[in-house]
Amino acid sequence: MADPSSYRPKPGQIPDSPGVYKFRDDHRRVIYVGKAKSLRPRLSSYFQDLANLHPRTRTMVTTAASVEWTVVSTEVEALQLEYSWIKEYDPRFNVKYRDDKSYPYLAVTLNEEFPRVQVMRGAKKKGVRYFGPYGHAWAIRETVDLMLRVFPVRTCSAGVFKNAERTGRPCLLGYIGKCSAPCVGRVTPDEHRELAEEFCDFMAGRTGAYIRRLERRMTDAAEEMEYERAGRLRDDIGALRRAMEKSAVVLADATDADLIAVAEDELEAAVQIFHVRGGRVRGQRGWVTDKVEEVDTAGLVEDALQQLYGEESGDSVPKEVLVPALPEDQVATDALSQWLSERRGSQVSLRIPQRGDKKDLMATVGRNAQQSLVLHKTKRASDLTTRSRALEEIAQALGLDSVPLRIECFDISHLQGDDVVASMVVFEDGLARKSEYRRFQIKGFEGQDDVRSMHEVIGRRFKRYLAEKERTGEWTEENEGSTAPGENGENGQNADDAADDTTGQIPAAPGENGHAGPFGPSSLKEDDGRPKRFAYPPQLVVVDGGQPQVAAAKRAMDELGIDDVAVCGLAKRLEEVWLPDDDDPVVLPRSSEGLYLLQRVRDEAHRFAITYQRAKRAKRIRTSPLDDVPGLGETRKQALIKHFGSVKKLRQATIEQICEVPGLGRKTAESVAVALAGTAPAAPAVNTATGEIMEDDGGSTHD
């Protein structure tokens, strides 16, 4: 536990101006990010008597080993920089909302020539209009099915669309009138886009005028005795009204607002959001978070606003945002409103509803938040207890001084000695931390040798750890007798080691913030504080295997002077736990929570390794003889395959026939013929389910 006075800035060193600050631990990992309208009093408040600090704040300042800050001009800039740093560094002591699911959206791909209506999840794409989020995908499909009668917009995939274009026959929806069939030219691209835009307008809440227009057209058709058309319009109006009934009117027509409510106790908080568009609830979502920092309701609301709108712009940010609490400081409230307005591009009203329908709806959102918190606590109580018991059982069985809060597991994967790879998975507090997973290619030797592979991977992982310690100044005299990082030309890093590391824009260069020195960001470029590195050591290393693999891992760590990390192996056959230098395994009871956790860690490492190995193998077998033809690019390769149908038929062609392909000269044709003549045809692929011999259609080599 660090003494905060050891890294406290000197009097007068902290500027009295708005800014954003970072606390780092002794591994240079950023553990907390905050902002202040005046840095001096805010940072000074962290360095008072520990007894006067909130328990969570006390834990944070005693975990930290240094503090840095960046000066900004306004509170809006501070808000933006704080959001950027929280997203970049993922600090452990900041409030992080955990979304309980990936919510589906109704999306209209206006960026395509023929826009498509579909269900989408995940990150939003440019040029796509989104509506939602919805609680369930089936709710979207029911709504779309009703509306396609009136707005017959394309819903098919690109493959189905191209097949219909090629055959000249639309799909079933085109025959029953639920698609305008642009694939066969029944409507022009402009007419289809107009349909898609009308669909979007209706979904955005402009419903009343459109239904009134349909009613007038129905009346006119009836007066002109066109009863069939009038009947169809009547059915269209009924379908639209049924679609509207699926989202009840809760506010005045044309009201666009998001309502955010918070339910909290001393340890956790739940946030619920209702998205109201056109006066109707169009979507709902919720998060739960641990209150790892001392924060009030207004602070939780501010964090929720950053999470909701940090990546949004335009109409995705509504005209009105209703919240249960706002910062007491009016300047901070104005900064939030200004930030939201900048995201939208026009004025956004941020306020607490005081009366009427909006206050009543806010009470409903609040009840949903309270129920969400109760449900989460009911689910998590047993989960927390189980994880704690599992870690304690592991510590007791392996004779550890403390529970292994961070466990790393390694596994080797290959196919008969080819494409040998390894995986490293990380579990913290009994939960997978996928952002810190790593994968390796075995480069030290050729062939199949799991023990030697394990020795190489463990060595490379901990050489990286020692290299980070040396770079950050943590290398001590007692380390001098051990193997130095990078010895024998190996520094523990290769293209795959760093494959999952992400890079980002440095928020401020040294000297740009008016502050430099040991507490300023003078080394941001090298010490960016990201947690996604090899610099954070585990308390326990688990290897997939028995006594030989454990001995290899221990030997690799001994060679590097690593003596403060425990090692064990989990053998698959009898699920025995092996320790270094022990002739007999540790046998945990089959009902043991500790054994179950080790099995989950081992199985996750195996899954991650075999996924990578299969990807590498698939990439290798997708090679073609045409890849070796000099001067033959991807476009002309595709032209050759399209012209002849397969590499098999291309191999049988003469040079004159190859020259018939547009864009290929005789010299290139001769090169192609020579390359194919020098490669033996691959053995035919066989469908093991049917016994059918499958023709080579793309030049791939088969196992």
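Taking V281 as the residue in question, decide whether it is under 26 Å from D357 (Cα atoms) and either modelled with pLDDT under 85 or buried (at least 20 other Cβ atoms within 10 Å of the Cβ) (or both).
yes
Restricting to segment 552-565, and then to whatever is open to solvent by 30 Å² or more (accessible area, probe 1.4 Å) and in contact (Cβ under 8 Å) with a residue 60 or more places away in the chain, can you tell me which residue is nearest to E393 (Cα to Cα)?
In this case the residue turns out to be R555.
Residues being surrounded by fewer than 16 Cβ atoms within 10 Å (Cβ to Cβ), among the hydrophobic types (A, V, I, L, M, F, W, C) and modelled with pLDDT of 85 or more: count how many of those fall in segment 26-51.
Here the count works out to 1.
Considering (1) buried (at least 18 other Cβ atoms within 10 Å of the Cβ); (2) touching a helix residue (DSSP H, G or I) at 6+ places or on another chain (Cβ under 6 Å); (3) modelled with pLDDT under 85, say which one C183 fails and leave the rest.
Result: C183 passes all but (3).
Report, by residue number, each residue of segment 156-193 that is in a helix (DSSP H, G or I), charged (D, E, K, R) and under 21 Å from R229 (Cβ atoms).
E191
Among the residues of segment 310-332, which ones are in a helix (DSSP H, G or I), within 13 Å of L350 (Cα to Cα) and out of contact with any Asp or Glu (no Cβ under 9 Å at 6 or more places or on another chain)?
Q330
Where the second residue is part of a helix (DSSP H, G or I) and open to solvent by less than 60 Å² (accessible area, probe 1.4 Å) and the first is within 19 Å of L148 (Cα to Cα) and among the small types (G, A, S) and lies in segment 208-235, which pairs have Cβ atoms under 7 Å and are six or more apart or on separate chains?
Qualifying pairs under 7 Å: A230/M218; A230/A221; A230/A222.
If only one of A269, A298 is modelled with pLDDT of 80 or more, part of a helix (DSSP H, G or I) and over 30 Å from Q118 (Cβ atoms), which one is it?
A298
Hey, among the residues in segment 665-674 that are of a type in the set (G, A, S) and surrounded by 15 or more Cβ atoms within 10 Å (Cβ to Cβ), which one's nearest to T635 (Cα to Cα)?
A669
Filter segment 377-402 down to residues that are in contact (Cβ under 8 Å) with a residue 60 or more places away in the chain and aliphatic (A, V, I, L, M) and give me whichever is surrounded by the most Cβ atoms within 10 Å (Cβ to Cβ).
Per the stated criteria, the residue is I394.
Condition check ((1) within 22 Å of D296 (Cβ to Cβ); (2) at pLDDT below 90; (3) not charged (D, E, K, R)) across all residues:
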| site | (1), (2), (3) |
| --- | --- |
| Q307 | yes, yes, yes |
| G310 | yes, yes, yes |
| S313 | no, yes, yes |
| K319 | no, yes, no |
| I352 | yes, no, yes |
| K358 | no, yes, no |
| L361 | no, yes, yes |
| L375 | no, yes, yes |
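I want to confirm something. Restricting to segment 194-218 and keeping residues that are assigned to a helix (DSSP H, G or I) and open to solvent by 70 Å² or more (accessible area, probe 1.4 Å), which single residue is farthest from R241 (Cα to Cα)?
Ranking the candidates gives E194 first.
Being surrounded by 12 or more Cβ atoms within 10 Å (Cβ to Cβ) and under 39 Å from the mean Cα position of the chain (by Cα) is the requirement here; does A230 meet it?
Taking the combined requirement at face value, the residue does not satisfy it.
Does A65 satisfy the condition of being surrounded by fewer than 21 Cβ atoms within 10 Å (Cβ to Cβ) and at pLDDT below 80?
So A65 does not fit the description; no.
Consider only pairs whose beta carbons are under 6 Å apart and that are at least six residues apart or on different chains; among these, list those whose first residue lies in segment 438-449 and is over 27 Å from F427 (Cα atoms) and whose second residue is part of a loop (DSSP other than H, G, I, E, B).
Partner pairs satisfying both residue conditions: G447/G417; Q448/G417.
Considering only segment 566-610, state which residues are in contact with a Lys or Arg (Cβ under 7 Å, 6 or more places away or on another chain), closer than 16 Å to E393 by Cα and not in a helix (DSSP H, G or I).
V567, L570
Conditions (1) open to solvent by 30 Å² or more (accessible area, probe 1.4 Å); (2) more than 30 Å from R439 (Cα to Cα); (3) at pLDDT below 75, marked per residue:
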| site | (1), (2), (3) |
| --- | --- |
| L626 | no, yes, yes |
| G631 | yes, yes, yes |
| E634 | yes, no, no |
| Q657 | yes, yes, no |
| G663 | yes, yes, no |
| A683 | yes, yes, yes |
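Would you be able to say whether some residue in segment 52-62 is over 22 Å from A332 (Cβ atoms), touching an Asp or Glu at 6+ places or on another chain (Cβ under 7 Å) and open to solvent by 10 Å² or more (accessible area, probe 1.4 Å)?
Within segment 52-62, not a single residue is over 22 Å from A332 (Cβ atoms), touching an Asp or Glu at 6+ places or on another chain (Cβ under 7 Å) and open to solvent by 10 Å² or more (accessible area, probe 1.4 Å).
If a residue must be over 19 Å from V262 (Cα atoms), open to solvent by less than 80 Å² (accessible area, probe 1.4 Å) and in a helix (DSSP H, G or I), how many such residues does segment 338-364 contain?
Looking only at that region, the number is 6.
Taking only pairs six or more apart or across chains, which ones have beta-carbon atoms under 7 Å, a first residue in segment 416-434 that is under 18 Å from I394 (Cβ atoms) and modelled with pLDDT of 85 or more, and a second residue that is open to solvent by less than 40 Å² (accessible area, probe 1.4 Å) and assigned to a loop (DSSP other than H, G, I, E, B)?
Hits for this filter: V425/Y437; V426/Y437.
Tell me, please, whether a residue that is loosely packed, with under 13 Cβ neighbours inside 10 Å, part of a loop (DSSP other than H, G, I, E, B) and basic (K, R) can be found in segment 413-436.
Looking through segment 413-436, none of the residues is loosely packed, with under 13 Cβ neighbours inside 10 Å, part of a loop (DSSP other than H, G, I, E, B) and basic (K, R).
Exactly one of (1) outside any helix (DSSP H, G or I); (2) open to solvent by 70 Å² or more (accessible area, probe 1.4 Å); (3) touching a strand residue (DSSP E or B) at 6+ places or on another chain (Cβ under 9 Å); (4) not polar (S, T, N, Q) is unmet by V374. Its number?
All conditions are met except number (1).
The values are calculated or read from the model by the stated rules, or taken from the named source; none is laboratory data. Predicted model, so just to flag it, every value in this text is computed and none were measured. Heads up, the Cβs are rebuilt from the backbone with ideal geometry, glycines too, and the neighbour counts pull from every protein chain shown. All accessible areas refer to the heavy atoms of the entire protein, side chains included, with ligands and DNA or RNA removed. Shrake-Rupley method; radii C 1.70, N 1.55, O 1.52, S 1.80 Å.
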